[in-house]
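The values are calculated or read from the model by the stated rules, or taken from the named source; none is laboratory data. Since the structure is predicted, the reported quantities are computational estimates derived from the model, not experimental observations. Note that each Cβ is placed from the backbone with ideal geometry, even for glycine, and that neighbours are counted across all protein chains shown. Each accessible area value is taken on the protein alone, full model and side chains, heavy atoms only, with ligands, DNA and RNA left out. Shrake-Rupley method; radii C 1.70, N 1.55, O 1.52, S 1.80 Å.
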Amino acid sequence: MKTSLQSSADPRRIAAARLHRQLLVGKSPYDEAVDVVRALCAVQSQDVAGAKWAVAMRSNGRTEAAVNAALDRGEIVRAHVLRPTWHFVAAEDLRWMQKLTGHRVSRLLASSNAKLGLTPAVLRKSHRVIERALSQNGALTRAELKSKLDDARIPTAGAQRLAHLVMQAEVDALVCSGPQRGKQSTYALLDERVKKSRDLNRDEALHELTVRYFASRAPATVHDFAWWSGLTIAECKRGISIAGTQLQQVNLDGKQYFVPPEFELPSKLPPSAHLLPNYDEYFIGLKDRSAYGQRIMGSALVTGGNGLITHVVIVDGQLAGTWRRFHEKGRTMLKFHLMLKLKRAEKMRVKDAVARFAEYTGSEVAAAGLDEPDIETIAQVVAPRPPSIASSHDPTETRRAARAAVQK
């Protein structure tokens, strides 16, 4: 593997490089939603609405209806894969991904399954019931699967037990997402939903996952890859070794990253603004997200530092605040909570991002909160703390620190 040495790099240039790799700046090479998902290898999707927007914004003019159609056709499927959470993947990739990473997810689920009384014998019986129900009835909702399991005297009381029964069926490559039924999601047998799959042995699958991961998230470390893939550090290092000349090592500020051979850090920071969903691959695909918090002096917005924060505003690759979507008087509203005062040009770029979101939804969208930073939101991130010790902090001092942060 070729090693290229570089002594220093502004974190903002690292963020800018990832914007390019993540298909978030410039014209996308992809017109179809499934091609975006394939390029990213997997898109985290426990928030389905957010994940659909994440896919659409990386394609050329794809609407919510177009992404829904790709899901209904089964080009994109949703299942628990890589880690114990949902992801969108291209249909032909699901089997080899489950074969590669399913053992790790099952190991992580084992303790919880045991506490819920889901022994291997119970899971085997559950799989048989689910397989028979879907074979006889076609795609079913979770409530319908629950009814079938209850009829078979497999206890489903409590949200966690049912969730784990279905999750294990996904991890074991028995089921995946089916077509949408109105506003309800369904499950279908993987063998019926996915007719064509790539047949890869373990090393081939590890090679494929490794190369695609670094192609779409570079520069990234082996620890970033391990976090995202759910694989061990040893497995990730083997994947990098198997990749051979398709990856090279670069050292930035004493930290070891891996990148494709054609990789270059951009010399200029591309002006841009994005309304990213709460689990977007731009940040969720990396363990270390510090490169994104240079303007607000922290990355708590995308590292779980504040459980109330959801979708994030990115300006020129950097965290700038949060946003949420709601409906009011028949209109879609976007409410912004900014953590810094935007320059005029930056605000115009955010408004362009709002217009793109309106195109995606096919509805009128109004925005509020773009004119001034939200001091209360900033205060929560400037001085994050456990509720148990909140009383030891002076809220006036916290707000003063927040106002000072705005000026930086």
In the stretch 271-304, what count of residues is obtained for those that are modelled with pLDDT of 90 or more and among the hydrophobic types (A, V, I, L, M, F, W, C)? 7
Residues located in the stretch 24-80, provided they are surrounded by 22 or more Cβ atoms within 10 Å (Cβ to Cβ) and on the phi > 0 side of the Ramachandran plot: 41
Enumeration of residues in the stretch 305-328 that are buried (at least 17 other Cβ atoms within 10 Å of the Cβ) and assigned to a strand (DSSP E or B): 311, 312, 313, 314, 315, 318, 319, 320, 321, 322, 323, 325
Please list, ordered by first then second residue, the pairs with beta carbon atoms under 8 Å, 6 or more apart or interchain, first in the stretch 101-129 and over 30 Å from residue 207 (Cβ atoms), second in a helix (DSSP H, G or I) and open to solvent by 60 Å² or more (accessible area, probe 1.4 Å). 112/160; 116/160; 129/148
If a residue must be farther than 10 Å from residue 366 by Cα and either in a strand (DSSP E or B) or over 24 Å from the mean Cα position of the chain (by Cα) (or both), how many such residues does the stretch 329-352 contain? 14
Quick check on my filter: what residues within the stretch 81-90 are in contact with a helix residue (DSSP H, G or I) (Cβ under 7 Å, 6 or more places away or on another chain) and open to solvent by 10 Å² or more (accessible area, probe 1.4 Å)? 83, 84
Output the number of residues of the stretch 130-170 satisfying the condition of being assigned to a helix (DSSP H, G or I), more than 17 Å from residue 79 (Cα to Cα) and open to solvent by less than 10 Å² (accessible area, probe 1.4 Å). 2
Which of the residues belonging to the stretch 223-233 are open to solvent by 20 Å² or more (accessible area, probe 1.4 Å) and out of contact with any Leu (no Cβ under 8 Å at 6 or more places or on another chain)? 223, 232, 233
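With open to solvent by 10 Å² or more (accessible area, probe 1.4 Å) and in contact with a helix residue (DSSP H, G or I) (Cβ under 6 Å, 6 or more places away or on another chain) as the only criterion, which of 290, 197, 216 stands out?
197
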So which residues in the stretch 171-184 are polar (S, T, N, Q) and surrounded by 16 or more Cβ atoms within 10 Å (Cβ to Cβ), if there are any at all? 177
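In the stretch 234-276, which residue that is polar (S, T, N, Q) and open to solvent by 70 Å² or more (accessible area, probe 1.4 Å) is nearest to residue 224 (Cα to Cα)?
Quick first cut of the stretch 234-276, residues polar (S, T, N, Q) only: 241, 245-246, 248-249, 251, 256, 267, 272.
From the residues that got through so far, the ones that are open to solvent by 70 Å² or more (accessible area, probe 1.4 Å) too are 241, 245-246, 256, 267.
Details: 241: 16, 245: 20, 246: 18, 256: 11, 267: 24 Å.
Once the filter is applied, the top-ranked residue is 256.
Going by the conditions given, is residue 38 over 16 Å from the mean Cα position of the chain (by Cα) and not polar (S, T, N, Q)? So that I can check it myself, show each step before the final result.
Values: over 16 Å from the mean Cα position of the chain (by Cα): no; not polar (S, T, N, Q): yes.
For residue 38, the condition - over 16 Å from the mean Cα position of the chain (by Cα) and not polar (S, T, N, Q) - is not met.
Given 192, 208, which one is surrounded by 20 or more Cβ atoms within 10 Å (Cβ to Cβ) and either part of a loop (DSSP other than H, G, I, E, B) or charged (D, E, K, R) (or both)? Walk me through it before giving the result.
Working: 192 fails: surrounded by 20 or more Cβ atoms within 10 Å (Cβ to Cβ).
None of the others qualify; the one that does is 208.
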I'm told residue 244 meets every condition in (1) outside any helix (DSSP H, G or I); (2) more than 22 Å from residue 105 (Cβ to Cβ) except one. Can you identify the failing condition by its number? (1)
